[in-house]
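Notes follow once the structure below has been shown.
The values are calculated or read from the model by the stated rules, or taken from the named source; none is laboratory data. Computed from a predicted model, the values in this text were never measured in an experiment. Cβ sites come from the backbone with ideal geometry, for glycine too, and all protein chains shown count toward neighbours. Side chains included, ligands, DNA and RNA excluded: accessible areas come from the protein's heavy atoms. Shrake-Rupley method; radii C 1.70, N 1.55, O 1.52, S 1.80 Å.
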Amino acid sequence: MTEQLLEVVDLVKHFPLPRNQRVHAVDGITFNIAAGETLGMVGESGCGKTTAGRAIVRLIEPDRGRLIYRGQDITHLAGAELLSMRRRMQIIFQDPYSSLDPRKSAGQLIAEPLLIHRWGTRGRIRERVRELLEQVGLTPDMVSKYPHELDGGRCQRIGIARALALGPEFIVCDEPVSALDVSIQAQILNLMKDLQERLSLTYLFISHNLAVVKHISDRVVVMYLGVVVETAPTEALFEDPLHPYTQALLSAIPIPAVGERRSRIILSGDVPTPVNPGPGCRFHKRCWLASPVCGEAAPKMVDAGGGHLVACFRVSEGAVIQ
Amino acid sequence: MFWRRFKRDRNAVAGLVIITLIVLMAVFAPVLAPFDINAQDLAHRREAPSKAHPFGTDIFGRDILGRIVYGARTTLLAGVLCVLVGGVVGSALGLVAGYYEGWVSAAIMRAMDVLLAFPYFLLAILIVAVLGPGLVNAVIAVSVTNVPNYARVVRSSAMVVKRHEMIEAARAMGASDARIIFDHVLPNVLAPIIVLSTVGVASAVISTAALGFLGLGAQPPTAEWGLMLSEGRSYITASPHITFFPGLFIVLLVLGFNLLGDGLRDILDPRLK
Amino acid sequence: MKKGLGKYVLIRLVGAVPLLLVVAVIVFVLLQYAPGDPAELMLGMDATPENVAQMRVKMGLDKPLHVQLLRFLAGLLRGDLGTSWQSGRPVAEEIGRTLPVTAYVSFVAIVISSVVGVLVGVLSAVRQYSLVDNIVRVVVLAGVSMPVFWLGLMLIVVFSGFLGVLPSSGWGTPKHLVLPAVTLATYPLAMITRLTRSSMLEVIRQDYVRTARAKGLSMRAVIVHHALQNAFIPVVTVIGIQFGVLLAGAVLTESVFAIPGIGRLTVAAVFARDYPVIRASVVLTAAIFVLINLLVDISYTYLDPRIRYDN
């Protein structure tokens, strides 16, 4: 077994709404990320994956739960300790135009983390910026370009260079390609894979795009309304999804191969919101396999073998879902 | 890009030209008026414009043109200082109120509401009443009345900027609040501040001149345009030139800043009305 | 009556009370920091210490500060504004004498600027880029850039000095009203003209106006209809947003033309350190300011059907 880089234990984040309502954005999620792997995190928009990612890099304070990074509890780090943690843990955002300050040049943007962390002299920082530009496939003359002068792909490369600047080992990638043109997505994904190999990075790759997640991940976590419903190695998950929600999700992917057939599962029921959810399984109102017990208690995660975990009563009670 | 659009705006260019001329006049005052502007010449009181005194002489026989030239220094400095002090304090409060939510923001904005409950000129008069008449106190008073305008505008802009992902990105890098506020939020709210400041100089010039006119601002023998024109009041029908010329220059300067401000507003910040 | 408006007005009025109390406290406290002893000032240079002490008792200055403050606030809430140190008369009487004068001049000025401003603004918009429009725009710019005190003095030069048709100062006859009203009207006139012009231009460009024109309505009919419907919005906006400017104008106009209004009373009180008068006039003006803002917001609901208060 490889070394665990990060353990997320029962992480909870609720957002208050008017009239005593609460959005259960993240409602007790638990999973591990091994050093050097890419963990994909999928789910529809609003399932809490972005909140989870933000909480993991300590941009949002969780209400409960723990984050264990290489054995150290980082949930409540502050001040200088948090600052030094930020060197090891970075984040890449979805929209490069919105995450890059429009009034700074590429060089200034990439140099900023180096300046904040007093990384070195001006000369060394300039040298490092050039090195980073090259690493993400940009030419040195881009150093003086502003975000509005560059296309989305190049801007995202700047975002990646900025995240790499301090030499982190773990990067949360929050939908890093979904704002980009399809033609550019593959380039960026390959760049990220390439960088991972060269710099032995660990990724938490958040996306709603299953094809992208399948392409880049070693393992996948499926989230639904603030909870994890299934975790499995990528191949196992896509070959043999156990949770009804995962099955529905996968059935929506268009299949490129001719001759293969898969019936599409159309979900019925109200489009749910994570506001004040009831006690049962989050999915039971839309689940075509639900039994009365599903509305009464939340199913626990059970191991279906080979690192394939699922939270569904039909699996835990031994019924195999076909 | 900015300059190309600016050059096409004839009004803004005209405003800039007027302001530049008056600034040059203030800078080169000793060259343009190489004599003691406070020297009284009681034998030549209230003389109409002539070759020797193009704008005539005032009630103490002083050369009005010379005093206007030097007065440009006082008036410009006072107007710019009001905007600078009010702008810096107001923008800082607005940045803090916009960046931090919760009680800090609420406390600052309630304080601004109280200031705004005073009609601004009455507030200025009240402050001068407390501090005593004088140019410096008039500048302080007008600065205070400017603070809430900046605080409001900057706060609402800062609240918009704050929601950008770039702020989260900066926090993820480990940037301190101070760095985020000054390095990321401030540069992105500069446009409304610049527009507000330009128009603000115009109204500050009028306000300080008005206080001078009421006797609450600059005190004799300072060459300040508002005070100068009030000194001619008793002879308004007999010697209108004493009042006319200083006022004309106030109009020109205010017009210049209004023209420039309108132009900048169109170019920099079309959302501001 | 719009739904929810009554509740809205009530909430605003209730909210205004603490705001005005804070204003009153600030005014009171600020004046305590003014240099010099008002009692000494009142008696002049050669007053004996005994005289001054007696005077302080008479003026209530011997009491602790918080007692003075509470007395002042309690008086305010009862409607008792105190006694002027300078004239010895009740402040309420002084204000009752001067406020109507200011209100009268201001009202006339607002009427002039509204009527003329809307007419000129519409004319200017209809004939956009014409000679008239260009002249109007230049005059408007000059109008907002002109210090009101200088304009007043220049009007005196022309109309009482040069032409000799109107009095230069004083109060009482209709003739005395003309120059102050015109002086005070200039700034709001310029603003109303500017706002009317831009809102008319917007209306003219709109599709439904083109439709109306296509249906055969004359431009005049369209303009009159829309101008009348929309004319009050710029007027109300100017009164609301520019009240501070209008009041500053009133103070200065009264000074120029020696009109016995509340602005002149306040400035005179500042010079004389007549604290009761300063306090009362500042608090009262702030109250009027708050009230006018409320009235402006209410009138928007009638002028603009999109605004509702019941959510």
Checking buried surface per residue: for the stretch C:147-196, which residues lose a minimum of 40 Å² accessible area in the protein assembly relative to the chain alone (1.4 Å probe)? C:147, C:149, C:150, C:153, C:154, C:157
At 1.4 Å probe size, with no ligands or nucleic acids counted, give the accessible surface of residue B:3 in Å², nearest ten. 150 Å²
Given backbone amide H placed at 1.01 Å from N, residues whose amide H is under 5 Å from that of residue C:82, ignoring those fewer than 5 places away on the same chain, are C:91, C:92
At q = 0.16 Å⁻¹, what is the log10 ratio I(q)/I(0) for the stretch C:100-303, with the Debye formula run over Cα points and no solvent? -1.06
Theoretical ellipticity at 222 nm over chain B - DSSP helices of four or more residues, -39500 (n - 2.57) apiece, nearest 500: -23500 deg cm²/dmol
Between residue A:38 and residues 5 or more places away or on another chain, the pairs with built amide H atoms under 5 Å apart involve A:203, A:218, A:219
Can you bin the protein assembly as shown into rounded, prolate or oblate? Criterion: square roots of the alpha carbon gyration tensor eigenvalues sorted a ≥ b ≥ c, rounded for a/c under 1.5, prolate for a/b above b/c, oblate for the rest. prolate
Threshold 30 Å² - residues in the stretch B:214-228 whose accessible area is reduced by that much or more when the chain is no longer isolated, probe 1.4 Å: B:214, B:216
When N counts the residues of the stretch A:128-185, how does its alpha-carbon radius of gyration compare numerically with 2.2 N^0.38 Å, as a ratio? 1.12
Please compute the net charge surrounding residue A:83, taking Lys and Arg as +1 and Asp and Glu as -1 over other residues with Cβ under 15 Å from its Cβ. +4
Residue C:93-residue C:134 pseudo-label distance in nm [points 7 Å out on the Cα-to-Cβ vector]: 6.1 nm
For the stretch B:1-84, how big is Rg over Rh, using alpha carbon atoms and the Kirkwood form of Rh? 1.14
Could you give the DSSP H helices of chain B that reach 24 angstrom or more along their long axis (alpha carbon positions) and whose average Kyte-Doolittle hydropathy is no lower than 0.5? B:10-27, B:64-99, B:135-162, B:190-214, B:241-268
Unit Cα scatterers, Debye sum, the stretch B:89-264: log10 I(q)/I(0) for q = 0.13, 0.18 Å⁻¹: -0.75, -1.11
Taking only C-alpha pairs under 8 Å that are 6+ residues apart, what is the relative contact order of chain B in percent? 27 percent
For the pair B and C, the solvent-accessible area buried on both sides (1.4 Å probe; DNA, RNA and ligands excluded), in Å² to the nearest hundred, is 3500 Å²
Which FRET efficiency, nearest 0.05, do residue C:297 and residue A:70 yield, Cβ-Cβ r, R0 41 Å? 0.10
Are there GluC sites (Glu not before Pro) in the stretch A:1-72 that DSSP marks as loop and that have at most 15 other Cβ atoms within 10 Å, and which are they? A:3, A:44
Built amide H within the under 5 Å cut-off of residue A:228, gap 5+: A:30
Determine the sum of side-chain charges near residue A:35: Lys and Arg each +1, Asp and Glu each -1, restricted to other residues whose C-beta is under 10 angstrom from that of residue A:35. -2
Chain C: relative contact order as a whole-number percent, Cα under 8 Å and 6+ apart: 27 percent
Relative contact order computed over the stretch A:99-165 (Cα-Cα under 8 Å; 6+ residues apart), in percent: 50 percent
Got a number for carbon plus sulfur as a percent of chain C's accessible area, 1.4 Å probe? 67 percent
What is the antiparallel percent of DSSP beta bridges lying wholly in the protein assembly as shown, to the nearest 5? 60 percent
Please enumerate, by chain and number, the aspartates and glutamates with C-alpha under 14 Å from the C-alpha of residue B:162, excluding those fewer than 8 residues away in the same chain. A:101, B:101, B:177, B:183
Which order do the peptides A:152-161, C:13-22, C:120-129 take when ranked by the mean count of other beta-carbon atoms within 10 Å per residue, highest first? A:152-161, C:120-129, C:13-22
Accessible area of the stretch B:89-264 belonging to carbon and sulfur atoms, whole % at 1.4 Å probe: 68 percent
Take every residue in peptide B:160-167, count the Cβ atoms of other chains within 10 Å of its Cβ, and give the average of those counts. 5
Distance in nm between pseudo-label sites at residue C:242 and residue C:37 (7 Å out along the Cβ direction from Cα): 4.8 nm
Please average, across the residues of B:106-116, the number of beta carbons from any other chain that are within 10 Å of each residue's own beta carbon, and give a whole number. 2
Please report the carbon-and-sulfur percent of the accessible area for chain A; probe 1.4 Å, protein heavy atoms only, DNA, RNA and ligands left out. 51 percent
Taking only protein heavy atoms and a 1.4 Å probe, the highest-to-lowest accessible-area order of B:140, A:68 is B:140, A:68
Whole-Å semi-axes of the stretch A:69-188's equivalent ellipsoid, largest first, each the root of 5 times a Cα gyration tensor eigenvalue? 24, 19, 12
Residue-normalised accessible area of the protein assembly as shown, expressed per residue, 1.4 Å probe, Å²: 47 Å²
Applying the span-like rule to chain C (DSSP H, Cα extent along axis at least 24 Å, Kyte-Doolittle mean at least -1.0) gives C:5-32, C:91-126, C:174-205, C:275-303
At a Förster distance of 22 Å, what's the computed FRET efficiency of residue A:240 paired with residue A:183, Cβ-Cβ distance as r, to 0.05? 0.10
